[in-house]
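Some notes on the structure that comes next.
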Amino acid sequence: MADTLEFNEIYQEVKGSMNDGRLRLSRQGVIFKNSKTGKVDNIQASELAEGVWRRVALGHGLKLLTKNGHVYKYDGFRESEFDKLSDFFKAHYCLELAEKDLCVKGWNWGTVRFGGQLLSFDIGEQPVFEIPLSNVSQCTTGKNEVTLEFHQNDDAEVSLMEVRFYVPPTQEDGVDPVEAFAQNVLSKADVIQATGDAICIFRELQCLTPRGRYDIRIYPTFLHLHGKTFDYKIPYTTVLRLFLLPHKDQRQMFFVISLDPPIKQGQTRYHFLILLFSKDEDISLTLNMNEEEVEKRFEGRLTKNMSGSLYEMVSRVMKALVNRKITVPGNFQGHSGAQCITCSYKASSGLLYPLERGFIYVHKPPVHIRFDEISFVNFARGTTTTRSFDFEIETKQGTQYTFSSIEREEYGKLFDFVNAKKLNIKNRGLKEGMKQSYDEYADSDEDQHDAYLERMKEEGKIREENANDSSDGSGEETDESFNPGEEDDDVAEEFDSNASASSSSGDGDSDRDDKKPAKKAKIVKDRKPRKKQQESKKGKDPNAPKRPMSAYMLWLNASREKIKSDHPGISITDLFKKAGELWKAMSKEKKEEWDRKAEDARRDYEKAMKEYSVGSKADSHRGERSKKKKKKQEKQMKGKGDKKGATSKSSSSKSPAKSMSDSFKSKEFVSSDESSSAESKKEDSEEEGAASPPPSSEDSASGSD
């Protein structure tokens, strides 16, 4: 039998994390050396009380219990090494290496056993899990419930923070099972114990986070918050910073304590302890120490008897015990004279304090941002009104904070402060121009100035001026190109009726008639583009060929399912990112293959488009011919109705029109059917007479003679 056994790549479980190292067993005891830190744990052979071999996640494990209650766990053994270890324990440690398997039923109802510094949760005779009580930092009780909180392990990626046990009520009189459970835990746990008397006590202080009224007991090494529901013990070593901030109403004060790690209440974590004081509240304080102890411990920072405002006494005592400076607002002064700005963060209203080295927002949720964490700041317009603006801060880690609903009067002060601190302003040029616009509207009597409405009004004026210019140009164009013979018959009839009038009235009417056709032509001109707009709004033809896809899109459609199978649960955004990476890394030969497929698809598309365009042109020609025919029929029907009412008025000018019809026939009527009836010939001649230019005053006088 060898005197020593050595095992490499063995893992020691410490506070939930696994530390890699080497394990050596000798006659003198067990030695484990951490390969990362070099720390050595030495267990004397005389201290060993029990050894347990069991199956664990990393193969098989060895659990050693000492006579003073300590537990050591080592994992990473192979199953074949059990016999060698068992023989070594019998020969050198006089211990039987027992085999015990963990229960894997998944039940959550069992029995709790306390053995030394170990809490074991068992189902039947098999343990489910074990908790070293030295890892417990806090133990709180409720109705039939006990909550264990654990020390945070900075070396582990994931840490167990708390475990809750439900303890059913029992019929035994005089013994509370919940209190008995808690006392067993506290007797072995590494919990801060309130030993001795408190240095001083502040009663019924108003606390905003966590909300409620608490008695604060000041001990030499920790702070004890005692409320009606919860108790918190806060070591002074967890206090990072202290802030004393005046409220905007100048009648209250905030005292903020920054904590790391935070205090916990269920699933809620409080990184800041915020106390609210009234400036009018005074107190006389006597420390529970003699004057020599006070002088020796605090070196003149505190005295045995003190009096003053309550917030001054609390901040003074905390500063002396924590030994940290108290941060107060710097030189910043807002529009109202206060050292803070009213704003909203995450739908809750609060106060933003610009400090000498950062910003702090109170109170829900409290936020502290140091200047060295800030990447840039941004001034943005308010989303609903221009009477306010938003102040955005983005940190170097990419976290963005948006403080909204800040009054526009605060803009100049805040901008100057940020500029003086040499912070990077994202939209510096835009905001310098915006500053002027805010000052311009600062004395406005209107309740709300809508910049968007003003811009729309300006654009409307420009469009109206352009429309007037275009209408004037179109009016001149229609006056010059106006031809009475190409218009409807009612325009020609006006000239026929004016031809029988006297020369003086004809001159006056002709001036008025020159204006009337121009107006009518203008209306017709304005309607034409409207029809084009309506036609352009029609959707695409569903029968038209679809555009061909690019080489990348063809490859993506073919490879989409493969990417999904290689990366199960991948989101759409990540899928496209991954596809872009694969396409970029693809060889030139493979890309050329997809380029050829895309070229073939493009040729097929062009061929289909040619066939589609030929068919669509034929359809459009047929549609145009049918429209012209229909329009011609409507024109002829309208002419018949109008001429019947105008025959009596145009009798004086009938003979010259008739003589013209006998000598001249327009091209339009030459192409019509020559075998038409006499009535249609008469109507055609009347239409030609109506389409002829109006006679002059001399012609009308000779006709009347």
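The values are calculated or read from the model by the stated rules, or taken from the named source; none is laboratory data. A quick note: this is a predicted structure, and the numbers were derived from the prediction, not measured. Because the Cβ atoms are built from the backbone with ideal geometry, glycine has one as well, and the counts that use them run over all protein chains shown. Areas reflect the complete protein model, heavy atoms only, side chains present, ligands, DNA and RNA absent. Shrake-Rupley method; radii C 1.70, N 1.55, O 1.52, S 1.80 Å.
Considering only region 248-287, state which residues are over 25 Å from L160 (Cβ atoms) and among the aromatic types (F, W, Y). Answer for region 248-287, where residues must be over 25 Å from L160 (Cβ atoms) and among the aromatic types (F, W, Y): F254, F255, F277.
Restricting region 337-356 to residues that are within 14 Å of Y401 (Cα to Cα) and at pLDDT below 90 leaves a set whose member that is surrounded by the fewest Cβ atoms within 10 Å (Cβ to Cβ) is A347.
Can you say whether T303 is β-branched (V, I, T), open to solvent by 40 Å² or more (accessible area, probe 1.4 Å) and outside any loop (DSSP other than H, G, I, E, B), as far as the supplied structure shows? No; evaluated as a whole, the condition is false for this residue.
Within region 394-422, residues that are surrounded by 17 or more Cβ atoms within 10 Å (Cβ to Cβ) have Cβ atoms under 9 Å from residues that are among the basic types (K, R) and part of a helix (DSSP H, G or I) in these pairs: Y411/K431; Y411/K435; F415/K431; F415/K435, counting only partners at least 6 apart in sequence or on another chain. Exactly one residue out of K105, K73, K100 is buried (at least 17 other Cβ atoms within 10 Å of the Cβ) and basic (K, R): that is K73. Taking region 357-372 as the range and being in a strand (DSSP E or B) and surrounded by fewer than 14 Cβ atoms within 10 Å (Cβ to Cβ) as the test, only R370 passes. Taking V328 and the conditions (1) more than 30 Å from I199 (Cβ to Cβ); (2) open to solvent by 50 Å² or more (accessible area, probe 1.4 Å); (3) in contact with a Pro (Cβ under 9 Å, 6 or more places away or on another chain); (4) outside the structural domain of D416 (by the TED database), which numbered condition does it fall short on, given that it satisfies the others? All conditions are met except number (1). Take R301 and decide whether it is closer than 18 Å to L225 by Cβ and not hydrophobic (A, V, I, L, M, F, W, C). Spelling it out, it is not the case that R301 is closer than 18 Å to L225 by Cβ and not hydrophobic (A, V, I, L, M, F, W, C).
Scanning region 382-421 for residues being within 17 Å of L355 (Cα to Cα) and hydroxyl-bearing (S, T, Y) gives a total of 3. Residues that are under 25 Å from P262 (Cβ atoms), at pLDDT 85 or above and polar (S, T, N, Q) within region 112-165 comprise just one, T147.
A single member of T238, T268 is of a type in the set (S, T, N, Q) and more than 16 Å from H151 (Cα to Cα), and it is T268. Do we have K84 as without any contact (Cβ under 8 Å) to a residue 24 or more places away in the chain, within 20 Å of H60 (Cβ to Cβ) and not in a loop (DSSP other than H, G, I, E, B) here? No; evaluated as a whole, the condition is false for this residue.
Sort through D75, D122, D83, D87 and tell me the only one that's in contact with a strand residue (DSSP E or B) (Cβ under 6 Å, 6 or more places away or on another chain) and in the same structural domain as N19 (by the TED database). Answer to the check: D75. Scanning region 87-108 for residues that are in contact (Cβ under 8 Å) with a residue 12 or more places away in the chain and of a type in the set (K, R) yields K100, K105. Hey, does region 247-255 have a residue that's open to solvent by 10 Å² or more (accessible area, probe 1.4 Å), closer than 30 Å to E293 by Cβ and in contact with a His (Cβ under 9 Å, 6 or more places away or on another chain)? Looking for residues that are open to solvent by 10 Å² or more (accessible area, probe 1.4 Å), closer than 30 Å to E293 by Cβ and in contact with a His (Cβ under 9 Å, 6 or more places away or on another chain), one finds at least one in region 247-255, hence yes.
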